[in-house]
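Read through the structure below, which is laid out as structure tokens, and then see the notes.
Read-outs: derived from the displayed coordinates by stated rules, not from any lab. The shown structure was predicted, so the numbers you read here are calculated from the model rather than taken from an experiment. Because the Cβ atoms are built from the backbone with ideal geometry, glycine has one as well, and the counts that use them run over all protein chains shown.
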Amino acid sequence: MSEKHPKPTKAHLRRRRRNGTGRNRGGIDVAEHFQQVRAAKPDSYWVELYRNAKQTLAANPNVLTAKLNLQEAARELRRRGISLDA
């Protein structure tokens, strides 16, 4: 008969978290990860996203994805110090 595995202790889980193995992985948190993903994209991507969202919202003001894209692009462009109010 196979015996059940003992439940991992708190200390064991803590070690696991530090090594980055098992269920509770170590590593960077989700917010930090997405910040890095955003930072990796070129300025032109955000400018394009902003313009497309503006255009979509002008045609149909109820498109949620366009609203969210506009918000995110505006935030990212502000962070990079680029202004599109030309």
Suppose every Lys and Arg Cβ carries +1 and every Asp and Glu Cβ carries -1, with no other charges. What dipole size does the range 29-86 come out with about its Cα centre, to the nearest 20 debye?
140 debye
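Gain in length, GLU3 to GLN36, computed as 0.36 nm per residue apart minus the alpha-carbon separation, to one decimal in nm?
7.5 nm
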Eligible aspartates and glutamates near LYS41 by straight Cα distance, threshold 17 Å, same-chain separation 8 or greater
GLU32, GLU72, GLU76
Classify the range 29-86 as rounded, prolate or oblate, taking a ≥ b ≥ c as the square roots of the eigenvalues of its Cα gyration tensor: rounded when a/c is under 1.5, otherwise prolate if a/b is larger than b/c and oblate if not.
oblate
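To the nearest 0.05, how large is the calculated FRET efficiency for ASN52 and ILE28 if R₀ is 22 Å and r is the Cβ-Cβ distance? Could the numbers behind the result be given before it?
Details: r = 30 Å, r/R0 = 1.36.
With a Förster radius of 22 Å, E is 0.15.
Rank-order 48-54, 74-80, 5-11 by packing density, defined as the average count of other C-beta atoms within 10 Å over each peptide's residues, highest first. Intermediate results must be reported in sequence, preceding the final value.
On the way: 48-54: 16.4, 74-80: 14.1, 5-11: 8.3.
Going by the mean number of other Cβ atoms within 10 Å, highest first, we get 48-54, 74-80, 5-11.
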Computed FRET value (nearest 0.05) for ALA59 with ARG15, which takes r as the C-beta separation and R₀ as 41 Å:
0.15
